[in-house]
């Protein structure tokens, strides 16, 4: 019999409905994989095997009663530890929230439970989702299940949703939530040979998601293939009056309309993404992607996004500015850590708590954000960045007058080794060079695995779509998936 | 624009993050590196460009003025609100004495 943990969302759901296996068998199989991999991969901050089994029992009971099981019925998932989960510790991988047990459930996670999913545990991430390698977690780095041949050097699973990507690649979960502020779903997906989609800004509610940069933060789905991402995203998305930026629009039936036939579609290749020093293998996989989309019937056109080169600098003003404001709430008064030195007053308590509770990268971004928002500098930095952001967004709007979707590499390299890039903050920021522009413009974008590099490590291709055109993104993703035939998985060493 | 030790100390104080002398010294070149890098935005002509305020056009909604319209975000949640407070006292958040 097939190993249940090799199955994805659709196969598990359909197998439970058909009675091929019970939801409890599924939950127990994944629980066992989670427990066995924890020491080696560190993908979870907290595992919740009892939650997974309880949800599965409820599904099995519903099936026995002849009830419908929901689009995610019997599918246990991992939840990035940025989503508030009622009664289960939620830390954002920080010390300052260590031990914080939410008294409410985030909208996105509640929707997933309502769709029949169960919770395997809370997944590790970069602290407050700030990072591209998962090395800024207070609970230690996630280790990718992938390795270079003949080497035991631990590789990054990407960031910030690195626990999610590692867990999916290692078959600890069939799917997981991610959040994407500047590439935090797409880059980890690319590094681990998994699939991830960030929908249009406003599709998924931010209520109950620990805030990093509110004008950019968007939840999304991560899984092993495009269909599973579509199923999961449909369950997560939808209007929520509790989020002021939630879009009051119906959620389309993306799954039903999935089609890899791109006849009549136009795909844009942004010439500015051919950055200097791009590895030949990235260039080659991109060319391969172009050929696949042509084969699927699409017309491929070169387009220009002239302000691309300024996206990263824009992002690294706007995101820290919003972070410095959002993270002001961690004050040692209402929840989380309190550090009260002997005889200290209120101000000293704030400063000591925040010094102790935030990691180095988080402090760096808070300080940058505080500086760019401070009196006398606000216009020179923040207003300027918001103007450049408008130009970046207009570039996309112009390109989408000519084409339906854009195709680019997801990341400028394959996964790097832990410790390899964390000396220089700017070198680390450059990992997000291809993903940040779509985030700044709020566009739907996804990464699909396209192949392996010479070292046997996965490479991803990114598809960016028009606002609200998740369907176009998913369909182009499906066309690539069908032609790439990506079946590689990491050899089990953990 | 670049920052010196005194400026970083001032920013850290504004951000309510205690930093040691040693940390300050390390942060100055790091922050200057980042600030010098973002300076490249100066090359972009943004005359007449309106700063972006929303990625997807959306209007801010007002909810109906009804008490407890949404039970999740309505009132009567004192215990839940205080459940994670490091020093809750008598149904309030406890803080160090601020008035002598």
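The figures follow:
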item	result
Cα centroid of the stretch A:309-335 to Cα centroid of the stretch A:7-25, whole Å	42 Å
Burial ranking of peptide ranges A:216-225, A:476-485, B:27-36 (average Cβ count within 10 Å, highest at the top)	A:216-225, A:476-485, B:27-36
Average beta-carbon neighbours from other chains, 10 Å sphere, peptide A:287-295	0
Distance histogram for chain A (every C-alpha pair counted, 10 angstrom bins, percent rounded to whole numbers)	4, 21, 32, 27, 12, 3, 0, 0
All-pairs alpha carbon distance profile, the stretch A:211-301, 10 Å steps from 0, percent	13, 27, 35, 22, 3
Helix-only CD estimate at 222 nm, as mean residue ellipticity for chain A, using -39500 (n - 2.57) per DSSP H run (n ≥ 4)	-11500 deg cm²/dmol
Cβ-derived FRET efficiency at R0 25 Å, residue B:7 paired with residue A:309, nearest 0.05	0.30
Debye log10 I(q)/I(0) for the stretch A:158-249, one point scatterer per Cα, at q = 0.15, 0.16, 0.19, 0.21 Å⁻¹	-0.50, -0.57, -0.78, -0.93
Label point at residue B:53 placed 7 Å out along Cα→Cβ; residues across the stretch A:381-415 whose backbone nitrogen lies under 13 Å	none
Over the stretch A:363-494: Kirkwood hydrodynamic radius from C-alpha pairwise inverse distances, Å	17.4 Å
Projected-area mean, the stretch A:103-195, by convex hull of Cα positions, square nanometres	6.6 nm²
Distance between the stretch A:28-47 and the stretch A:336-354 - C-alpha centres, whole angstrom	36 Å
Number of partner chain Cβ atoms within 10 Å, mean per residue of A:382-390	6
Residue A:54/residue A:430 FRET efficiency (R0 41 Å; Cβ-Cβ; nearest 0.05)	0.40
Length released on extending from residue A:25 to residue A:299, taking residue separation times 0.36 nm less the Cα-Cα span	94.0 nm
Residue A:148/residue A:342 FRET efficiency (R0 51 Å; Cβ-Cβ; nearest 0.05)	0.50
Residue B:61 paired with residue A:394, simple spin-label distance in nm, labels 7 Å along Cα-to-beta-carbon	3.2 nm
Residue mean of other protein chain beta carbons inside 10 Å, A:362-373	5
Full-stretch length increase - residue A:239, residue A:104 - with 0.36 nm per residue and alpha-carbon distance subtracted	46.8 nm
The stretch B:50-100 versus the stretch A:155-186: alpha-carbon centroid distance in Å	31 Å
Sorted by Cβ density within 10 Å, fewest first, the residues B:49, A:403	B:49, A:403
Virtual spin-label span in nm between residue A:283 and residue A:64, 7 Å along Cα→Cβ	6.3 nm
For the stretch A:321-425, the spread of Cα positions along each principal axis, largest first, Å	65, 40, 25
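FYI, it's all coordinate maths here, none of it is from the lab. In this text, all values refer to a predicted model and were calculated from it rather than measured experimentally. Heads up, the Cβs are rebuilt from the backbone with ideal geometry, glycines too, and the neighbour counts pull from every protein chain shown.
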